[in-house]
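The values are calculated or read from the model by the stated rules, or taken from the named source; none is laboratory data. Computed from a prediction, not measured in an experiment: that's the story for all the values here. Please note: Cβ atoms are built from the backbone with ideal geometry, for glycine as well, and neighbour counts cover all protein chains shown. Ligands, DNA and RNA are excluded from the accessible area calculation, which covers all protein heavy atoms including side chains. Shrake-Rupley method; radii C 1.70, N 1.55, O 1.52, S 1.80 Å.
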Amino acid sequence: MSLVLTFTVGAVCCIIAQLLIDLTALTPAKILVGYVCAGVALFALGIYEPLFEVAGCGISVPLFGFGAAMARGVREAVAESGAIGILTGGLSATAGGITAALFLGFFLSLFFRGREKRM
Amino acid sequence: MKQLTKNEKLEIIKRHTPKSKTLRNCILAGLIGGTICLVAELSRRLYLYLGVNKDDSTLLASLTIILLSGLATALGFFDRIGRHAGAGTLVPISGFSNSVVSGAIDSQSEGYISGVGIKIFSVAGPVILYATVSGVIYGLIIYIIGGISAVI
Amino acid sequence: MKRLIKLTTPATIRSYSAVGGYEEGRGPLGKSFDHIDEGCLFGKDTWEKAEAEMSRTSLNLALAKASLSHTELDLIVAGDLQNQCVASAIGLSSFGTGYLGIYGACSSCAEGLVIASSLLSQEGGRAAVVTSSHNSAAERQFRMPVEYGGQRTPSAGWTSTAAASFILEAEGSLGEVCISNCLIGRMIDGATTDGSNLGGAMAFAALDSILTYFELSGESASEFDYIVTGDLGKVGSLVLGELLSDALPAAAPRHVDCGNILYGGQCDVHGGASGCGTSAAVLATHFLPKLHSGELSNILFFSTGALMSPSSLLQGESIIGIAHGVKISRTDFLSRERSSGV
């Protein structure tokens, strides 16, 4: 794995989204939702894991990684505990990121306020 | 006065609406997005070096970006970078963190329940929802396929 | 009643004031504002309360300039962009006078001037017109949290943080500057559902109101120094310019837009300034001072509004544009015009 590949794959993930923003009527919110769903699909199709082996955070830090973590959690939980894993696997595997962001948001809201926008 | 049809109006508006500077936007998005991934990867290698296992170090790398972006949001300069970076800060986990933290620090004025509690999910909510929904659908598919192949 | 109201008694603009935030202060009109608060909070702890305080401050400043007390006001007509028009209500409730809260989106300033001057012409007395907008309050309500790091499309506007007040009178001798004609705008389909391209959507309403004014008044565009629109920005001004040069070529070169004036070149977006406070603040800091000094003598002032909500856009409804107008002239110009029988 090389850092050059990490940078390149990460950059390509962002450029695709930028093209979608600039050239289509898709809103950023729709693109983010599209990216996490695509992450699940990339994992399901067996594309994500080989990409992660070469690019590391280049593919896991873009929102594909969030969807892929969800899919991996589901697959492992289904393998381990059967049907109940469909319900428990996904959010367990992504709990770290979600909990960290939510707690951070709450914690920072105790000390900071939004400031007025400037041009 | 000549009455314009809806399509004629849309055509006139479109003709005068400036295009996004797509090339410039893409270069900035690629450079900044790539750099964020690079920072995450370097931190992941540091955690690996410190003896953290592979899965946890990947999570910790994402958490590093979440923390840095959250702080940048609270200190008021994430939006200044994001305005130029576009998808470069939106698509990496930094955008997720920014949406959570910006929703939270913007809404204490309506209280911690109806303000912060609701607005913290205003942008992140759809992402979490549809990731969960896709995960369940994927789970159903592998469970059913697993069942069929066991029978066969 | 016709859509063009020729006032039997013109309404004098006795005094006016404008307050603004950081961006307005560093813009080309910054020095003409009566009060600038760079933190945009006006001593309050939330953006919404700050907007209410801006309305209150600007009305107090306008009253002070005319050496009037609030008990000498018969009516306040006010509008803003907050849900349920609440910034005006909260900011102005302490004045203890008749109150008409109006919602015309960014057309509220001219809508208020139309209502107040028509009522004064019939009933006499003294009225205040107050409109306000606050960038952060509008971002929170219509768009995203203020610290959200999104990229804005080139056509997007910038809601101004500004409030302006105008004191109108019908009694006694006419002052220097007065409103003599009012045009009530029609709602015109702006075709687009793109909430970041309001200027383009409003341009059709501006065109309709400008053409209707000249058709019903019998006046000619060449009598006016400027034909002013509210907040079309660059995109809307280009659309209007194209349509106007076909329909009424004499009017096209006289058109200027408040959305392009308020921030001059500092605005990195083509939408320019928008919001209820924009046309009001530019009228109070740019056009009225020039009318008073005699640099200008006769303008046609339209505020343009985009009637929509975040829900209506998500449900696929197109933006409805509207433009109300008033003719604002120096009294000496008006009496010359009337004696010459035009």
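Worth a mention:
- Scan of region C:220-236 for residues that are open to solvent by less than 20 Å² (accessible area, probe 1.4 Å) and either of a type in the set (Phe, Trp, Tyr) or touching an Asp or Glu at 6+ places or on another chain (Cβ under 8 Å) (or both), ordered by number: C:224, C:228, C:229, C:230, C:231, C:232, C:233, C:236
- Taking region C:195-219 as the range and being over 17 Å from the mean Cα position of the chain (by Cα), without any contact (Cβ under 8 Å) to a residue 60 or more places away in the chain and open to solvent by 10 Å² or more (accessible area, probe 1.4 Å) as the test, the residues that pass are C:211, C:214, C:215, C:218.
- For region C:127-170, the candidate set comprises residues that are charged (D, E, K, R) and open to solvent by 10 Å² or more (accessible area, probe 1.4 Å); within that set, the residue that is farthest from residue B:78 (Cα to Cα) is C:169.
- Members of region C:33-67 that are in a loop (DSSP other than H, G, I, E, B) and in contact with an Asp or Glu (Cβ under 6 Å, 6 or more places away or on another chain): C:40, C:42, C:44
- Restricting C:64, C:110, C:87 to those that are at pLDDT 95 or above, within 20 Å of residue C:19 (Cβ to Cβ) and open to solvent by 30 Å² or more (accessible area, probe 1.4 Å) reduces the list to C:64.
- Some residue of region C:39-46 being surrounded by fewer than 24 Cβ atoms within 10 Å (Cβ to Cβ) and within 20 Å of the chain's Cα centre (by Cα): no
- Close Cβ contacts (under 9 Å, 6 or more residues apart or on different chains) running from residues in region A:62-89 that are open to solvent by less than 60 Å² (accessible area, probe 1.4 Å) to residues that are basic (Lys, Arg) comprise A:85/A:75; A:89/A:72; A:89/A:75.
- Within region C:126-144, at least one residue is over 30 Å from residue B:33 (Cβ atoms), of a type in the set (A, V, I, L, M) and in a helix (DSSP H, G or I).
- Residue within region C:251-263 that is open to solvent by 20 Å² or more (accessible area, probe 1.4 Å) and of a type in the set (S, T, N, Q) present: yes
- Residue that is farthest from the other protein chains (Cβ to nearest Cβ) [pool: residues in region A:8-61 that are open to solvent by 20 Å² or more (accessible area, probe 1.4 Å) and not in a helix (DSSP H, G or I)]: A:47
- Taking residues in region A:101-119 that are more than 7 Å from chain B (Cβ to nearest Cβ) and without any contact (Cβ under 8 Å) to a residue 24 or more places away in the chain, and partners anywhere that are among the aromatic types (Phe, Trp, Tyr) and surrounded by 20 or more Cβ atoms within 10 Å (Cβ to Cβ), the pairs with Cβ atoms closer than 8 Å and at least 6 places apart or on different chains are A:116/C:47; A:119/C:158; A:119/C:263.
- Of residues in region B:96-122 being in contact (Cβ under 8 Å) with a residue 24 or more places away in the chain and within 23 Å of residue B:60 (Cα to Cα), the one surrounded by the fewest Cβ atoms within 10 Å (Cβ to Cβ): B:96
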